[in-house]
Structures are given as structure tokens and as C-alpha cells.
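K.L.:
Quick one: the structure is below, and I'll ask about it shortly.
The values are calculated or read from the model by the stated rules, or taken from the named source; none is laboratory data. As the structure is a computational prediction, the values presented were derived from the model and not from experiment. FYI the Cβ positions are ideal-geometry reconstructions off the backbone, even for glycines, and counts take in every protein chain you see. Areas reflect the complete protein model, heavy atoms only, side chains present, ligands, DNA and RNA absent. Shrake-Rupley method; radii C 1.70, N 1.55, O 1.52, S 1.80 Å.
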2 protein chains.
Amino acid sequence: MNESQAIDALAALAHQTRLQIIRHLVVKGQNGDSAGEIGSAVDASPSKITFHISALERAGLVGSERVSRQIIYRIHFQQLGALLNYLVEDCCANHQELRGCCNVETDNCRSSGSDK
Amino acid sequence: MNESQAIDALAALAHQTRLQIIRHLVVKGQNGDSAGEIGSAVDASPSKITFHISALERAGLVGSERVSRQIIYRIHFQQLGALLNYLVEDCCANHQELRGCCNVETDNCRSSGSDK
DNA sequence: TTCATATTACAATAATACTTGAAATATCAT
DNA sequence: ATGATATTTCAAGTATTATTGTAATATGAA
């Protein structure tokens, strides 16, 4: 992931409705969920759902597949993970103090305990 | 960190200039750096720097302190770490597959290897 | 006090993002 | 074909965010 992709992903996550969609799709896992069901779950109108889920899809955070009349959306854990890696490693240069401030670790430097 | 704080932090990070500022301040560490020096480092005008660094400060990602004529800004690793924790634990419910897709781990569930 | 430096605040504009409702498309069932 | 369902597309309006240049404030030095 490069800087531009990271900015797109961060902007996509920086909205209540979209964060709710992500949360919902995380729970649904590999089964995913249809646009309509997602809309009911997060209490958003059809066009609102299309608007926000398109932003998530453009950022690579979710994928879609048409199944009969419905379109099924699934979370892309890989892209979410890539964003976390980018923030810790590329953006924050694997800084020791960041790992000291949260319970997130990387391959390059693993702390022993955590102060969550 | 709650959802609203996470959205503010994500929105603050979702901009090229602000991401550059973060990167710069990570390198500067506890010494921090003045508004003017930050401006030179990221090639942004004074008022641009004030605008963007204010957004980062509102989101709690940086702190400030006046020292004589300058204002010194420092990164808040704690808030950055809190955001990472929020994404992994609250938003993504510590989902196994997220940890499988990146080299980020949490206290609650630590994977053995990584597929970075 | 006067001047130079460092930074912020403000106002005007431009650019993006969001919301809403109506119309269009795609698929399936009859 | 016709009608019903699921979703997207579009257009209009509103709101938010970003940029630019200028003015104001705060501090220190002469």
C-alpha cells in the first residue's frame, strides 16, 4: 500500500455510516451481506448505502458480487490489514514509542508486554 | 477511544499534507518541531500549516507548547496507538482473519507467524 | 518604543463530500 | 410480456473542507 491508497482508505473509514457498514460486514465475515440488508442494519436509505459502500469499494475495503437480484458485499480484511501495516511501518517508521502506547505489534519489533 | 473520536482521528490522517506532518513529527520524536520548520519540511505555507496542524491537534494526534516565539508541536503516540487499538478491537472485533492478513497483533489473540 | 520574527485568525473563494428523492437498470417470477 | 424486487444512477441542493492572501497577535531584540 502506498500513501495515496492509505489516504483513500482512511477517508473511507472516516464516516459514521461507513464505519457501521464495516463493523456489520466484519461480523458477517465470508458470507457477506446484501446491500438491502446492510441498509436495514445501519438504518440508511438505498441510495445512501450505494453512495457509502461505493466509497468503501473504491478504497478496496470491501468487495462485491451479484447473486441473482442482490449484490453481496464482503469485507476485505487484507486491505484493512494493509492499512494498519502502513500506519505502523511506513507512516510511523515502526517507532518504538507507538508500540509502547498500544497493544499493536509488528514483525520487525515485538514488545514483551503491553500497557493497553 | 470511542467511535466519534476514531472518526475525527481517521479524517485528520486522511490528507496528504497532514500525513506528511505526522511522518515528520514521528521522526522528530520527543523534541518535536516548530510550526515554521514543519512548514519548510512539508513545503506548505504558514496558514496552510496552521490549518492542517490544528486539525491534527483537534483530533488529539499532536500536542503543542509555546517556546519563546515558536510553537513546538509533538506527536501523540498514545492517541495514534488508541486509534489502531480501536480499529482492531472495537471496529473489527479482534477478528482472526484481520490478524491473518497483516502483521498486527493484539493482546487478546496473538498469532504465531505472519504472512507480511 | 520600535522593529523583526513566528504564528495564528480571518475572509473570500474553490473544491469535495453528503443527502434526498425520483428515475433508470437488472433480475426473477408469473 | 408484465409486474415485483433489489440496487444503482442522476440531479439538485446543502454542508463541509481546503486554499490563498492579508491582517492581527505574541514574543524577543535593539
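K.L.:
Given a 1.4 Å probe, how much area per residue of the protein assembly as shown is accessible, in Å²?
P.N.:
On the way: 11000 Å² over 232 residues.
Each residue of the protein assembly as shown exposes 47 Å² on average to a 1.4 Å probe.
K.L.:
Report the A-B buried area as the accessible area lost on both sides summed, probe 1.4 Å, in Å² to the nearest 100.
P.N.:
3900 Å²
K.L.:
Based on alpha-carbon atoms only, what is the radius of gyration of chain A relative to the globular estimate 2.2 N^0.38 Å?
P.N.:
Taking N as the residue count of chain A, the ratio is 1.22.
K.L.:
Kirkwood hydrodynamic radius, computed over distinct alpha-carbon pairs, for the protein assembly as shown: how many Å, to one decimal?
P.N.:
Result for the protein assembly as shown stands at 18.4 Å.
K.L.:
Further question on the same structure: Within the range B:3-76, what whole-number % of the accessible surface is contributed by carbon and sulfur, with the 1.4 Å probe and all protein chains included in the calculation?
P.N.:
Heavy-atom surface of the range B:3-76 belonging to carbon and sulfur, 1.4 Å probe: 46 percent.
K.L.:
Quick one: which bits of the range A:51-87 get at least 40 Å² less accessible when the partner protein chains are in, versus the chain alone, with a 1.4 Å probe?
P.N.:
Residues of the range A:51-87 that lose at least 40 Å² of accessible area once the other chains are added: A:PHE77, A:LEU84, A:ASN85, A:LEU87.
K.L.:
Then there's this: Other chains' Cβ within 10 Å of B:88-101 residues: what's the mean? Display every interim value, and only then the final one.
P.N.:
Values: counts 6, 4, 2, 7, 10, 3, 1, 6, 2, 8, 7, 3, 3, 9.
Across B:88-101, the average partner-chain Cβ count within 10 Å equals 5.
K.L.:
Continuing with the same structure: Once you've got the GNM for chain A with C-alpha springs shorter than 10 Å, pick whichever of A:LEU80, A:LEU25, A:LEU98 has the biggest mean-square fluctuation.
P.N.:
Answer for the Gaussian network model of chain A: A:LEU98.
K.L.:
Continuing with this model, one more query. To the nearest 10 degrees, how steep is helix B:16-28 against the longest Cα principal axis of chain B, on a 0 to 90 scale?
P.N.:
Around 90 degrees separate the two axes.
K.L.:
Right, something else. Return the average number of partner chain Cβ atoms within 10 angstrom of each residue Cβ along peptide A:10-17.
P.N.:
Taking the mean over all residues of the peptide, I get 5.
K.L.:
Using a Gaussian network model of chain A whose springs link C-alpha atoms within less than 10 Å, name the residue from A:SER54, A:SER68, A:SER40 with the highest mean-square fluctuation.
P.N.:
A:SER68
K.L.:
Specify the residue with the greatest mean-square fluctuation among A:GLU57, A:GLU37, A:GLU97, computed from a Gaussian network of chain A linking alpha-carbon atoms under 10 Å apart.
P.N.:
Of A:GLU57, A:GLU37, A:GLU97, the Gaussian network model singles out A:GLU97 as fluctuating most.
K.L.:
Also: With each run of n ≥ 4 DSSP H residues scored as -39500 (n - 2.57), what mean residue ellipticity at 222 nm is computed for chain B after dividing by its residue count and rounding to the nearest 500 deg cm²/dmol?
P.N.:
Values: 6 runs with 60 residues, N = 116.
-15000 deg cm²/dmol, from helical runs alone.
K.L.:
What does the extension gain come out to for B:ASN31 and B:GLN96, with contour length at 0.36 nm per residue minus their alpha carbon separation?
P.N.:
Stretched out fully, the B:ASN31 to B:GLN96 stretch lengthens by 19.6 nm.
K.L.:
With N set to the residue count of the range A:4-43, report its C-alpha Rg divided by 2.2 N^0.38 Å to two decimal places.
P.N.:
Working: Rg = 11.1 Å, N = 40, 2.2 N^0.38 = 8.9 Å.
Here the answer is 1.25, to two decimals.
K.L.:
Next question. Note the distances from B:ALA35 to each other copy's matching label point, with points 7 Å along the Cα-to-beta-carbon direction, in nm, sorted shortest first.
P.N.:
Copy-to-copy label distances for B:ALA35: 4.6 nm.
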